[in-house]
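> Please see the structure below; I have some questions.
What follows is calculated from the coordinates using simple rules that are stated; it is not laboratory data. In this text, all values refer to a predicted model and were calculated from it rather than measured experimentally.
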Amino acid sequence: MEDGVYVLIKKGDPELVQKRQFLRQDEYTIGRRGSQLAPDIAFSSPYVSRRHAVIRKIGNRYAISDLDSKHGTEVNGQSVRQAPQPLFHGDLISLAKGVVELVFFAEGSELDVTREFSFPLVQSMVSTVSTTGLVINLERREIRLDGARIHLTGKDMDLLMLLYQRANQAVSYEEIMVSIWPERMIYTDNNVPDVGRAEINALVYRLRKRLGKYGEKVTTIPRFGYMWED
C-alpha cells in the first residue's frame, strides 16, 4: 500500500518541484536543511523552520502535525496545530504561508475515506431532507443528482475529487496530469506524465456530461486549466 502513498512537491526549491517523496516510513519530518539537521523532506527557504512539520503513519492512515513552526502549516487553507490532522488523497499542504506546497496522494488505498460534501442546491421552500441538488460522498465514491444515483468510475471520479476538494481554486493542466495520470509519469526535465491537453479536455467533457446540469460548475480557466466553481 505504501508504494501508492506519497507527497508531490508542488512549490519549493526549483530542483524539487514535481518530485515525489514516497512515504515508506512511519514518520517524515519536514523542515529547513542545515549543517547539523537533515529533515526527511528538506527545503532551503529561510521562512521554513528547521523542524517545521511532521507526517506520521497512524494505523493505516497518515496525519500531519505542525512542530511549533514560526510561519505555520496549513492543509487546504486550514491552519494545522500540534494535534494530528488526518490527510486525505488530494490534500494540499502549505508551509510558511505558501512558500512550500505539497500534495498528498494515497492512490488506491484505504486512506481515502470519510470525506463527504454536499451542495445546498435547493429551493428556499424545500425541506432539510430534500433530495434536490448535487450530493457527493467521496468515501463511497457516490454521487446523487436530484436524488438519483449516478456512477462515476476511474479517472472521472478522480478528476471530480481533485476539482471539488479545491473548489474555487484554479487547478493547472500540469497538476491535473500529475494527479490523474501518475502511472504515466516519465522522468524528463518537466517531470510530468505523458498526457496531452486533448486527453484532459476529453475527460472534462465526459465529466460535465455525466453531471448533467451541474456540469457547468466545472469551468475553464483559459490557458491554465479548470476550476470547480462553488
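> Straight-line reach from LYS10: which lysines have a Cα under 28 Å away, not including same-chain ones fewer than 8 places off?
Filter leaves LYS19, LYS57, LYS70, LYS97, LYS155, LYS217.
> Further, regarding this structure: Roughly how many whole Å is it from the C-alpha centroid of the stretch 64-82 to that of the stretch 18-42?
16 Å
> Further, regarding this structure: Under 5 Å between amide H atoms, partner at least 5 residues away or on a different chain: which partners does VAL100 have, H built in plane at 1.01 Å?
Hits under the 5 Å cutoff: LEU95.
> Please list, in chain and number order, the residues 5+ apart from GLY90 or on another chain whose amide H is under 5 Å from its amide H, with Hs placed from the backbone.
Placed amide hydrogens put PHE104, PHE105, ALA106 under 5 Å from GLY90.
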